[in-house]
Structure formats: C-alpha cells, structure tokens
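Here it is, the structure, as structure tokens.
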Amino acid sequence: QVQLVESGGGLVQAGGSLRLSCVASGSIRSISNMGWYRLAPGKQRELVAHITSDGSTNYADSAKGRFTISRDNAKNTVYLQMNSLKPKDTAVYYCRMFVRVDLSGYEYLYWGQGTQVTVSS
C-alpha cells in the first residue's frame, strides 16, 4: 500500500510564497509522473503543474512564471514552490503520482489528502 502525504500549506498574504511537499511511502518500486492539482470552492479540480520521470515539466497558464515543480526521486517527493501568490490561488492542493509497486509494470494512481492554501489580499 502506498500513501501520499502533503505538507506546507497555510495562510499567506498576497505576494508571498509557500513551498508544498508531497512524500510517498510504502511499497514503491518507482514513480513515473508526479503532479499538483488544486480545487477551489465552486470550481472544478485543475492541474497546476506536472513533472515526468525525466524531469520534463508543464504548467497551467495561471502558474507559469510563478510556480516551480520539482522532484527528488531518492526521497519519493515532489515539491511545488509557489511565489507571487494571489488570492485566486486559494484552494486545496493535491499531489498525484503514478506508482509502480511490483515488476508487472502496471502503474497505480495515488492521490494525497490535500493541503489548504489560503492567500489573503
């Protein structure tokens, strides 16, 4: 069984920064794609940033130039550095990973429990 645990959320003023972390633990052979999503009140969950196993990244337009996704494969961890935060960034942020747990090659999708980010104006 694999668990993802996020941390780093909180309350910050507009223009401030936060760094989110998501650590995977359990029976892990490898992790391919990692990503961050967010869910704001009254809106659908949306992709914020994504990083592949070889380090290729892509970002939502709203995150480009302000957010940076990175990963530490040795620690099974993905990060999201968020700078120049705006009130519209307020949401619950979730990490997502595709994990191989055995030699079959099948990838299982796991989600974290979410961490609240609140940006005040």
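The values are calculated or read from the model by the stated rules, or taken from the named source; none is laboratory data. Because the structure is a prediction, the values reported are computed rather than measured. Note that we place each Cβ from the backbone using ideal geometry, even for glycine, and neighbour counts take in every protein chain shown. For the accessible areas, the whole protein counts, side chains as well, though only heavy atoms, and no ligand, DNA or RNA atoms are used. Shrake-Rupley method; radii C 1.70, N 1.55, O 1.52, S 1.80 Å.
Name the residues in the stretch 69-79 that are at negative phi, out of contact with any Cys (no Cβ under 8 Å at 6 or more places or on another chain), of a type outside the set (Val, Ile, Thr) and open to solvent by less than 60 Å² (accessible area, probe 1.4 Å), would you?
Listed by number, the residues that qualify are SER70, ARG71, ASP72.
If you scan the stretch 1-24, which residues turn out to be surrounded by 13 or more Cβ atoms within 10 Å (Cβ to Cβ), free of Cβ contacts under 8 Å to residues at least 60 places away in the same chain and closer than 26 Å to LEU103 by Cβ?
Scanning the stretch 1-24 gives a single hit, VAL23.
Related question: In the stretch 32-118, which strands (runs of 3 or more DSSP E) lie fully inside it and hold 2 or more residues that are more than 14 Å from the chain's Cα centre (by Cα)?
The strands (runs of 3 or more DSSP E) meeting that bar are 91-100, 107-111.
Can you tell which of ARG100, ARG66 is basic (Lys, Arg) and open to solvent by less than 50 Å² (accessible area, probe 1.4 Å)?
Checking each option against the conditions leaves just ARG66.
Given the conditions (1) under 13 Å from THR77 (Cα atoms); (2) open to solvent by 60 Å² or more (accessible area, probe 1.4 Å); (3) not aliphatic (A, V, I, L, M), report the number of the one that GLU46 does not fulfil.
All conditions pass for GLU46, except number (1).
While we're looking at this one, here's another question. Looking only at the stretch 82-106, which residues are more than 28 Å from VAL12 (Cα to Cα) and modelled with pLDDT of 95 or more?
Of everything in the stretch 82-106, those that are more than 28 Å from VAL12 (Cα to Cα) and modelled with pLDDT of 95 or more turn out to be PHE98, VAL99.
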